[in-house]
Amino acid sequence: MSARKTPSLPTSTSETTTFKDTAAPLKVPSLISVSPQGELHHLPPTSYEERLTQFLQSCLELPEEGMVKIQLTLSVDGRVRNLTFLSSESDANQRFLRHHLPSLLFPTPEGATTTFTILFRNRTA
């Protein structure tokens, strides 16, 4: 009999997952940066981006130190439509986000399905 090996999550390649409805209680990362469509940039956030950042900070807490960068597509009803992991410094944080993000009902995007790049960073003070 051979031992079963658990696959590890990628740390530098993109990986996409599409979700349907789920539910779970959550907790808050130290830093979350949200940018519309595409790469992170240093423009002032819009009011929806600020609401989205506050929402994520109020309901998530990464389990360990490290950064995870994702691309998140939200449907018009605030549900996760698509989740792509762009990079990750922590397998535990990536697993946590893969499990918990689809269970959230996000603030309703203004107008249509919307895609964001989000940087989650948990660090000790």
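Rule-based calculations on the coordinates, nothing more; no lab input. The model shown is predicted, which means the values in this text are computed figures rather than measured ones. Counting neighbours? That spans all protein chains shown, and the Cβs are built from the backbone with ideal geometry, glycine included.
At 0.36 nm per residue, and after removing the present C-alpha to C-alpha distance, how many nm does the segment from ARG95 to ARG123 gain when stretched out fully?
Length gained between ARG95 and ARG123: 8.4 nm.
If each residue's Cβ is checked for other Cβ atoms within 10 Å, how do PHE55, PHE120, PHE106 rank with the fewest at the top?
Listing PHE55, PHE120, PHE106 from fewest to most nearby Cβ atoms yields PHE55, PHE106, PHE120.
With each pseudo-label sitting 7 Å past Cα toward Cβ, what's the SER103-GLN57 distance in nm, one decimal?
Here the answer is 2.3 nm between the modelled labels.
Ranked from highest to lowest mean number of other Cβ atoms within 10 Å per residue, what is the order of the peptides 80-86, 60-66, 107-113?
Ranking, from highest mean packing down: 80-86, 60-66, 107-113.
Points 7 angstrom from Cα along the Cβ direction at SER47 and SER75: gap in nanometres?
Here the modelled spin labels are 2.6 nm apart.
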